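Rule-based calculations on the coordinates, nothing more; no lab input. All of these numbers come straight from a predicted model, not from anything done at the bench. Cβ: placed from backbone, ideal geometry, glycine included. Neighbour counts: every protein chain shown.
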Amino acid sequence: MKKLLSALLFFLISFQSLALAEGVYTVIVKKQQEKKSSRWSLADWLVTKKRIALMDQWLALNSSTTWFEFIFDYAAGDIDDYQENSFERFGASLYIKFLGLEYSKNNFTTLDNKNEYKLNLILLGSSVQSTHIRGFYGKREDSTYSQDLYGGSLTLYIASFLGTELNYTKLKKANSSNDLTTVEGERIEYGVFLELSFLRVYLNNFKENNSFTGIGLSPRKDEGTIIGTKLFF
């Protein structure tokens, strides 16, 4: 009986000592973690400084004090297909911060005149007249078709007066006004520009492909070089 009581007492004392030791260990570890989280080091300071510098740079590139932008666009050129086809474009845009409304009238000598309406959103960049990426959605209309369109644009300044631009437009499938034919296509326009203050002069390659469904209709490909100018206000 005495041996059993002694063994039980020894077990209770050992268990209490173990629990106490584990509690002390937990407190010590917790305290070390708190010290480590609040510890200052040169390496941490350098990492934080670099992170803040990158954040400041991003804000500088994507923040603008300009609330309004007005842009007028004119371009012309020869677009070669199976016939001689001249192209002329008149356009105007109004941006409020990162959101813009755009209208353009596209005239062809061998095609119907086409009107385009776009809603633009600057995704990266401080303004249209800076390095930026934007997306857009809109509609193109002529006497036969009314097509939804969407796409994106990239403007990259190589120097303060020199840059390059790429525009891609997807023209969604649409039925003709008499529902006898459909059309679907895409357009890509890219080139370089020179800029002096509010004036930009650009030279672009223009390519547009359209496929049709209907009796006697074949795919159409228009491509060539256009020269244009933009005025920024």
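Roughly what would the spin-label model give for residue 67 and residue 110, points 7 Å off Cα along C-beta, in nm?
4.9 nm
Pairs to check: 139/207; 173/230; 50/97; 172/230; 105/170. Give those whose C-alpha atoms are more than 24 Å from each other in this structure.
173/230; 50/97; 172/230, as the Cα separations exceed 24 Å there.
Hey, if you put +1 on the Cβ of every Lys and Arg and -1 on every Asp and Glu Cβ in the stretch 68-232, which of 87, 146, 128 ends up farthest toward the positive end of that dipole?
Selected residue: 128.
Between the stretch 174-232 and the stretch 67-81, what's the alpha-carbon centroid distance in Å?
11 Å
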